[in-house]
Amino acid sequence: MVEPVVLYATLAGCACFIGWVVLRYDLIDREPWYAITFALLAGALMMYLAGRVQGRIILTVADHCPRVLGSGFFSVLAGVLEELGKVGAVAMVAACFRRHFNDPIDGLIYGSFAGLGAALEESVWLLGADPGAAGVPWQEPVRLAGHLVMGGIGGWGLGTLVGPPSPGPIALPVGLGAAVVLHVAWDVAAFEAVRLGLENGRAPAWTTGLAMTVMLTGMVAYRSLVGRGAAMSAARFAA
């Protein structure tokens, strides 16, 4: 019993630290803990549902057109469904906590926590499938940060719709599209690293390079949107 407790406590500790970093960006109209918790749970729920839908689609395609199955198909399927799910979680927050969803940066904040909830659901599922796991693998903190970053980028556009100054409705599809592209590229690197590693005994260098490029691009884009959202929030509340 000790090892599972340590395992999941460490995972929770990583999530708490990453979440604390995100909350530091919420400078003007701070979000209540219960809305943040709701975003986490909504993100986890949407990730669970996305996983079930992915499974159904894969089984259907395997029956009718198995040649389509491959890293590209799996990556696009996961990227589209999971990022749509995160944006859906942010929309749930906006609908249930309209009084608090009043700040241009709120889409990024709640999207980040929806992504964190999604990552925790995925990590718990994967770690649960490995009963011999004695510690949190190195990729789990990367998974938490990656889903958080993509969730924030995808959800940013919803926050910009709350009022002026706003880039307009184009921000939502642009943010969601960017999150999907990052997610697909990330999964291609991961799936191909596993496939080629099994075939050749080691993963090629390009998979590592692609994964690093995706993460760095996502972090730069995320930080840029934080700055943009903070400026929009300051202008909105100063008006």
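A short reminder: the numbers here are calculations on the coordinates, not readings from a lab. Computed from a predicted structure; not experimentally measured. Glycine also receives a Cβ, built like all others from the backbone with ideal geometry; neighbour counts cover every protein chain displayed.
Just a few scattered comments:
- A straight chain from D29 to T213 at 0.36 nm per residue would run longer than the Cα-Cα distance by 62.9 nm.
- Calculated mean residue ellipticity, 222 nm, the chain: -28000 deg cm²/dmol, from DSSP H runs (n ≥ 4) at -39500 (n - 2.57) each, averaged per residue and rounded to 500.
- For the peptides 202-209, 98-105, the ranking by mean Cβ contacts within 10 Å, running from highest to lowest, is 98-105, 202-209.
- Nearest-ten-degree value, helix 2-23 long axis tilted from longest Cα axis of the chain: 40 degrees
- For the chain, size of Cβ-based charge dipole, Lys and Arg +1, Asp and Glu -1, in debye: 420 debye
- With respect to the chain, whose longest principal axis is taken over its alpha-carbon atoms, helix 171-200 is tilted by about 20°.
- For the peptides 216-228, 21-33, residues were scored by their other Cβ atoms within 10 Å and the scores averaged per peptide; the highest-first order is 216-228, 21-33.
- Three semi-axes of the equivalent ellipsoid, region 172-239, Cα gyration tensor, whole Å, largest first: 36, 11, 6
- Projecting the Cα atoms of L59, N200, A119 onto the charge dipole of the chain, computed from C-beta unit charges around the Cα centre, puts A119 farthest toward the positive end.
- With respect to the chain, whose longest principal axis is taken over its alpha-carbon atoms, helix 71-96 is tilted by about 30°.
- Alpha-carbon Debye profile of region 33-117, log10 I(q)/I(0) at 0.11, 0.19, 0.27 Å⁻¹: -0.36, -0.76, -1.20
- If the chain linking L161 and T10 were pulled fully straight, counting 0.36 nm for each residue of separation and taking away their Cα-Cα distance, it would gain 50.7 nm.
- Distance in nm between pseudo-label sites at S224 and R56 (7 Å out along the Cβ direction from Cα): 3.7 nm
- In the frame of its principal axes, the chain has Cα extents of 60, 44, 33 Å, reported largest first.
- Taking packing as the residue-averaged number of other Cβ atoms within 10 angstrom, the listed peptides 116-125, 152-161 run from highest to lowest as 152-161, 116-125.
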